[in-house]
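Here's the structure, in structure tokens; my notes come after.
The values are calculated or read from the model by the stated rules, or taken from the named source; none is laboratory data. The structure presented is a predicted model; accordingly, all values stated were derived computationally and were not measured. All Cβ positions, even for glycine, are placed from backbone atoms using ideal geometry, and neighbour counts span all protein chains on display.
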Amino acid sequence: PSTMREVFIETPNVKWSDIGGQEEVKQKLRECVEWPLKHRDTFRRLGVEAPRGVLLYGPPGCSKTLVAKALASESGLNFLAVKGPELLNKYVGESERAVREVFRKARAASPSIIFFDEIDALGSARSEDASHNGVLTSLLNEMDGIEELTGVTVVAATNRPDVLDDALMRPGRLDRILFVGAPDLATRKDIFTIRFKGMAIEPGVDVDDLARITEGCSGAEVASICQDAALSAMNEDLESPFVRLAHLLHSARTVRRRITPEMIR
Ligand code: ATP
């Protein structure tokens, strides 16, 4: 009996415009994943090599999953999402089989993206642990087995790039490495603006002010401030016509900030 969740092929519905900031990450992903698929001849003519895989690293809640989904939906690629820890199984050989199965499905669904979230669970450096090493080896083998033309791109994400085995980052594997950082002032403003489009907000609320007082928040925390403020508004008055500035300020003041300085080095 397997405890592993089955991996399904998705077509996410995230647009580039749903994501605040991160312009450089968006551009680089388009260049290295969308272009090789859409402009194969130009790549060949100019002698540009398409990357097999991309590693996204950075603090939690800062849009790694979101950009991977937008890349799939905007480029018309099938999307297979796998969380590293979900592939781990205590039965001998099961995890390896699960890794192979993910790649088999991705090839069948190509052009496609395999999104490995929390890749560190599978890809941390070799250790005494034989079963861990077995999983890592099958991951490396599968990545080597993707021929450029099969149209499968691996996008992996981690908050802990330092623990990954160097072999994962060799050419032909995760050979593009992109830092996805915490949102800066302008990006936090963008995220508030995007969230507010789907909300009723008290007239006069200034997103610049909100962006300023949410220094150090992740994108996920900015999103949760909006949610939390909306719930406070309902708690106060079930017929509330909008979320007031006071609710937003209160949520911004009390949200727990999870990003620590060592995550953004
Ligand atoms: P983790 O490392 O914890 O897996 P992550 O970097 O993959 O996190 P996401 O899952 O992409 O983070 O982001 C979490 C949520 O935060 C998103 O679903 C979205 O609501 C919000 N969010 C984060 N960054 C942005 C952004 N730049 N623009 C809009 N929303 C954002």
Where in segment 150-265 are there helices (runs of 4 or more DSSP H), lying wholly inside it, with at least 2 residues that are modelled with pLDDT of 95 or more and under 26 Å from A72 (Cβ atoms)? 185-196, 219-236
Given the structure, is K105 in contact with a strand residue (DSSP E or B) (Cβ under 8 Å, 6 or more places away or on another chain), among the charged types (D, E, K, R), more than 13 Å from the ligand (Cβ to nearest atom) and farther than 28 Å from R256 by Cβ? yes
Members of segment 82-94 found to be outside any loop (DSSP other than H, G, I, E, B), in contact with a helix residue (DSSP H, G or I) (Cβ under 8 Å, 6 or more places away or on another chain) and surrounded by fewer than 21 Cβ atoms within 10 Å (Cβ to Cβ), listed by number: K83, G84, P85
Do we have K28 as more than 10 Å from the ligand (Cβ to nearest atom) and over 27 Å from T137 (Cα atoms) here? yes
Looking at segment 158-169, I want the residues that are in contact (Cβ under 8 Å) with a residue 12 or more places away in the chain and have a partner that is of a type in the set (S, T, N, Q) and within 15 Å of the ligand (Cβ to nearest atom) with Cβ atoms under 8 Å, at least 6 apart or on another chain. Which pairs are those? L164/T158
Of the conditions (1) in contact with a Ser or Thr (Cβ under 8 Å, 6 or more places away or on another chain); (2) within 16 Å of the ligand (Cβ to nearest atom), S218 satisfies every one except a single condition; which number is it? (1)
Scanning for something on the phi < 0 side of the Ramachandran plot and away from the ligand (no atom under 16 Å from the Cβ), does segment 52-65 turn up at least one residue? yes
Qualifying residues in segment 31-47 (those that are of a type outside the set (A, V, I, L, M) and under 20 Å from the mean Cα position of the chain (by Cα)) - the one farthest from the ligand (Cβ to nearest atom): W35
Can you name the condition, by its number, that V222 falls short on among (1) aliphatic (A, V, I, L, M); (2) closer than 15 Å to R253 by Cα; (3) more than 18 Å from the chain's Cα centre (by Cα)? (3)
Quick check on my filter: what residues within segment 224-242 are free of Cβ contacts under 8 Å to residues at least 24 places away in the same chain and more than 16 Å from R195 (Cβ to Cβ)? M234, N235, E236, D237, L238, E239, S240
Matching residues in segment 150-172 - criterion: being surrounded by 19 or more Cβ atoms within 10 Å (Cβ to Cβ) and of a type in the set (A, V, I, L, M, F, W, C): V152, V154, V155, A156, A157, L164, L168
Every residue in segment 98-149 that is assigned to a loop (DSSP other than H, G, I, E, B), at pLDDT below 90 and either crowded, with 21+ Cβ neighbours inside 10 Å or β-branched (V, I, T) (or both), please. I146
